[in-house]
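Working notes for the structure below.
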Amino acid sequence: MDVAMFRDSGAFDEQWYVSEYPDVARTGIDPARHYLWVGRRIGRRPRGDTPAHGTAMMVDVPQEWPQSADAASAEPLPTADEGPDLGLIDKARRAISRSLGGRSDPIHDLVAQHFDTDFYLTAYPDVAAAGVDPVRHYIDNGWREGRDPSLSFSTRYYVENNPDVVAAGVNPFYHFVAAGRAEGRTGKHQLGFRWDILANLKPVADQISELKSHRGAVALSSSQQLLADLKTLASTPGRVVLSFSHDDFTKHVGGVQLLLRRELSLFRARGDAHVHLFPAHSLPFLDTSGDTIALGVLINGKLTGYFTSPDIARALRQAGFAAGQVRFVLHSLLGHNMDQTIDVIAAAGATAGCLWLHDYSPIYNNFKLLRNDVQYRGYPRPGTIARELCAYARASFDHAHEFERLFSRFRIDLVSPSQTALDIWQEAGLFQPASVRVVEHVRLEPAVVASAAPIHPGAPLRVGFLGYPAAHKGWPVFEELVLRFGDDPRYEFHHLGKGRRGGLALTHREVAATADKLDAMREAVNAVSLDVAILWSIWPETFCLTAYEALAGGSAILTNPDAGNVVAITEKTGLGAVLPDEAALYAAFASGSILTLARSARPASQHVMRYSALSLEVVE
C-alpha cells in the first residue's frame with residue numbers, strides 16, 4: 001500500500017502510534033512507513049481502537065522468526081576449547097542485559113534474535129575489548145561503519161541494493177528481519193569472496209595513506225647506546241649478520257618469524273653476532289615516500305630501541321667493523337626504504353649477502369603476485385592487459401626497479417625455499433643474482449613411531465584449516481565449506497591456529513609454534529586425528545610450512561592449482577589431491593566422494609620434520 005494513501009485512509013493514527021510505541025521515534029522512520037514495514041509484522045496496532053489481534057492490516061509473523069527476545073540468551077555458550085575470547089563474549093552478554101536495564105526495546109529484541117554475538121566479537125575485537133553490548137553497538141554505530149551482524153548478512157550489500165531503506169534511515173538488519181526478508185529481499189550476495197575483495201580494493205596510494213593515518217608516534221632511543229653496542233660487536237671475533245625483515249620476529253607469529261627465531265639461535269650457536277632491523281610501522285610495500293624510516297634494532301634477539309635509518313647508518317659507520325666482518329641477510333624489505341637500506345648496508349662495510357624469496361615483493365608490487373588480490377595467472381609482464389588492469393601495477397612506484405638498484409650495488413645470492421618459487425622468479429627474468437639456491441625450510445622423513453590412528457568407517461571425516469584465517473590462504477573457501485556442511489554428520493570441522501572466527505560450526509584449537517616448540521602444529525594435527533587439511537591458498541605459496549606440518553601430523557591435503565608449493569608437495573608425496581576449483585571441492589563434499597578420496601590419500605604413518613640450517617647454508 002502507498003504510504004500517503006495509508007496515512008490518509010483513517011486506518012492509522014500517527015500520534016497514538018508514536019505515543020504507544022516510543023521506540024519508533026528513535027528509528028527516525030516515518031511512523032506510517034514503520035507500521036507498514038515493521039509494526040504490522042510484529043503484531044502492533046495502527047490505532048488505539050484497533051483490536052490487539054485480528055485487524056485486516058495485521059500479518060502473522062513467519063514461523064522462522066523467533067517470537068521471544070530470550071532466544072538469544074538461550075543459545076548454548078561456546079565450549080572452553082573454542083578460544084581465549086570466551087570471557088569477552090560472556091562480558092558482552094552481560095552488557096546486553098545492562099543496556100536493556102530490564103526494559104523491553106523492540107528493535108534491540110528483534111535484532112538480538114538473529115544477531116551472532118560470537119561472530120561479531122571475533123570479527124571486531126575492538127567491540128569485544130570495549131565491553132559494550134554488541135547488539136546495541138551494531139544498531140547505533142556498527143551498521144554505519146559497514147560491520148556485519150552475522151556471516152549470513154552483509155550490511156554493505158543490503159545498503160547498496162536497498163536505497164529506500166537508506167533513505168528512511170532505518171537499520172538495515174532490523175529492516176531485513178522485520179520486513180525485507182518477507183518481501184523477497186536478500187541479505188547477502190552469492191558472488192563469492194573474490195567479489196568482496198574487488199569491491200573493497202583501493203588504489204595503492206589510498207591503501208598506503210590509510211595505513212599511515214593510523215600510525216602513532218615512535219619514541220626514538222639515544223643513538224649513543226646503539227653505537228656503544230655496535231662497537232662491542234665490532235671488537236669481538238666472529239662474523240656479524242645484519243638481518244632485515246618486515247616486523248619484530250620476537251613478538252609476532254608467522255612462518256617467517258618462526259624461521260627467524262630459529263636462524264637467530266643457529267647463528268648464535270656458531271658464535272656469530274646478530275643485528276636485526278625492522279620498520280617501526282609495517283607496510284605491505286616498500287616505502288618510497290622519501291620519509292626517514294624509523295627502524296627497530298634487535299641485537300642478538302634483544303630490542304635495543306628505535307632509531308632513524310640515518311642514525312643507524314652513522315652508528316654502523318663509526319663502529320669500526322673490519323672488512324668482510326658483516327654479511328647481510330634480507331628476509332623482507334616490506335616497509336623499508338630502498339635508498340636508506342642501501343645506505344645502512346654500505347655503512348656496515350658489507351658487500352655481499354643473500355635475499356630470501358619468502359614472497360614476490362622483489363618482482364611485483366603485490367607481494368603475493370596476485371592481480372587485484374584475487375587471481376594468480378603467472379608473472380604479469382609489462383605491456384600486457386593483465387598488468388594494466390591490476391591496481392598494484394598502476395602504483396607510482398615499481399618494486400622491481402627498486403630491487404634492481406639493490407642488485408646493482410651488492411653481490412646478492414638468491415635463496416628460494418622451493419623450486420616452485422625459483423621457477424616463478426626465473427620466469428620473470430628481471431635481474432640476475434650472483435647465484436641461486438633452493439634451501440627448503442623443512443624436509444619430511446618417515447617417523448620411527450606407530451602409524452597414524454586407524455579410521456573407523458562410520459566416523460565423520462575430520463576436516464581442518466591450519467594457520468591464521470586469511471583470504472589469500474583460502475579461509476573464505478573453508479568458511480563456505482563449514483557454512484554448507486557444518487551440520488552434515490559426515491563431516492567434522494576444525495580450525496588449528498590463531499585468530500578464531502566465530503559464527504561457525506567448528507572446533508577451534510589455539511596453536512602457535514615457538515622456537516622452543518617448533519612442532520606445535522604437527523602435534524595439534526595428530527592430536528585431533530585430522531583426516532584432511534584444506535590448504536586452499538589462492539597465491540603461489542613459496543613454501544607453506546603448514547603443508548608440511550599437516551603431512552607430518554598424519555593428515556592428507558586438499559588444494560587447488562594456484563597454490564604454488566602446496567601443489568608441488570602434494571603431488572610429490574601423493575598424500576592428497578589437487579582439485580580444479582572451488583566448485584569441484586564443494587561438489588566432492590556434497591556427493592560424499594571426498595570421504596574416499598581424503599582417507600585413501602591420508603598418510604599411513606607420521607613424519608619427522610627435519611629443519612634446514614636456513615641462511616647458514618649460504619652465509620659462508
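The values are calculated or read from the model by the stated rules, or taken from the named source; none is laboratory data. From a predicted model like this one, the values you see are computed outputs, not experimental measurements. Don't worry about glycine lacking a Cβ; one is built from the backbone with ideal geometry, like all the others, and counts go over all protein chains shown.
Taking segment 385-418 as the region of interest, how many residues are part of a helix (DSSP H, G or I) and closer than 24 Å to Ala347 by Cβ? So the count comes out to 10.
Against the conditions (1) out of contact with any Pro (no Cβ under 7 Å at 6 or more places or on another chain); (2) under 24 Å from Ala123 (Cα atoms), Val159 satisfies every one except (1). Inside segment 105-160, residues that are in a helix (DSSP H, G or I) and aromatic (Phe, Trp, Tyr) make up a count of 6. Set side by side, the residues Asp23, Asp60 differ, and just one is of a type in the set (Asp, Glu) and at pLDDT below 60, which is Asp60. Restricting attention to segment 270-293 and to residues that are closer than 20 Å to His401 by Cβ and among the acidic types (Asp, Glu), the residue that is surrounded by the fewest Cβ atoms within 10 Å (Cβ to Cβ) turns out to be Asp291.
Out of Ser213, Ser243, one residue alone is among the hydroxyl-bearing types (Ser, Thr, Tyr), under 30 Å from Leu286 (Cα atoms) and in contact with a Ser or Thr (Cβ under 9 Å, 6 or more places away or on another chain). It is Ser243.
Is segment 137-149 home to any residue that is touching a residue at least 40 places away in the same chain (Cβ under 8 Å), within 30 Å of Tyr35 (Cα to Cα) and in the same structural domain as His114 (by TED's automatic domain parsing)? Checked against the condition, which is being touching a residue at least 40 places away in the same chain (Cβ under 8 Å), within 30 Å of Tyr35 (Cα to Cα) and in the same structural domain as His114 (by TED's automatic domain parsing), segment 137-149 yields no hits at all. Restricting Leu266, Leu211, Leu230, Leu258 to residues that are assigned by TED's automatic domain parsing to the domain that holds Phe307 and within 19 Å of the chain's Cα centre (by Cα) narrows the list to Leu258. Is it the case that segment 253-268 has a residue that's under 30 Å from Ser396 (Cβ atoms) and either touching a Leu at 6+ places or on another chain (Cβ under 9 Å) or aromatic (Phe, Trp, Tyr) (or both)? Within segment 253-268, not a single residue is under 30 Å from Ser396 (Cβ atoms) and either touching a Leu at 6+ places or on another chain (Cβ under 9 Å) or aromatic (Phe, Trp, Tyr) (or both). Evaluate the following for His336: is it more than 14 Å from Val218 (Cβ to Cβ) and assigned to a strand (DSSP E or B)? No: the conditions fail for His336.
Within segment 511-548, if we keep just the residues that are acidic (Asp, Glu) and out of contact with any Ser or Thr (no Cβ under 9 Å at 6 or more places or on another chain), the residue that is modelled with the highest pLDDT turns out to be Glu523. Residues of segment 500-513 that are out of contact with any His (no Cβ under 8 Å at 6 or more places or on another chain), without any contact (Cβ under 8 Å) to a residue 60 or more places away in the chain and within 20 Å of Asp116 (Cβ to Cβ): Ala505 alone.
Screening Met338 with (1) over 33 Å from the mean Cα position of the chain (by Cα); (2) over 23 Å from Pro417 (Cα atoms); (3) not polar (S, T, N, Q) gives one miss only, at (1).
In summary, Gly429 fulfils each of the numbered conditions (1) in contact (Cβ under 8 Å) with a residue 60 or more places away in the chain; (2) of a type in the set (Gly, Ala, Ser); (3) assigned by TED's automatic domain parsing to the domain that holds Leu286 with the single exception of condition (1). Contact map, segment 11-29: residues that are outside any loop (DSSP other than H, G, I, E, B) paired with residues that are among the hydrophobic types (A, V, I, L, M, F, W, C) and at pLDDT 80 or above, Cβ distance under 7 Å, separation 6+ or inter-chain. Pairs shown: Glu14/Ala32; Asp23/Ile107; Val24/Val18; Ala25/Val18; Thr27/Ile107; Thr27/Val170. Considering only residues in segment 174-190 that are under 25 Å from the mean Cα position of the chain (by Cα) and at pLDDT 90 or above, the one that is surrounded by the fewest Cβ atoms within 10 Å (Cβ to Cβ) turns out to be His189. As a summary of the residue check, Phe249 satisfies the conditions (1) within 25 Å of Val326 (Cα to Cα); (2) modelled with pLDDT of 95 or more; (3) among the aromatic types (Phe, Trp, Tyr) except for the one numbered (2). The condition (being touching a Gly at 6+ places or on another chain (Cβ under 7 Å) and of a type in the set (A, V, I, L, M)) is satisfied by just one residue among Ile385, Ile412: Ile412. Can you confirm whether Phe249 is touching a Gly at 6+ places or on another chain (Cβ under 8 Å) and hydrophobic (A, V, I, L, M, F, W, C)? No: the conditions fail for Phe249. Of the residues in segment 485-506, none is under 21 Å from Glu445 (Cα atoms) and aliphatic (A, V, I, L, M). Consider Ala421 carefully, then state whether it is at pLDDT below 95 and not in a loop (DSSP other than H, G, I, E, B). Here the answer is no, as Ala421 does not meet what is asked. Among the residues of segment 339-351, those that are in contact (Cβ under 8 Å) with a residue 60 or more places away in the chain and crowded, with 20+ Cβ neighbours inside 10 Å comprise Thr341, Val344, Ile345, Ala348, Ala350.
Checking the stated criteria, Ile569 turns out to be more than 23 Å from the chain's Cα centre (by Cα), under 17 Å from Thr420 (Cβ atoms) and outside the structural domain of Gln375 (by TED's automatic domain parsing).
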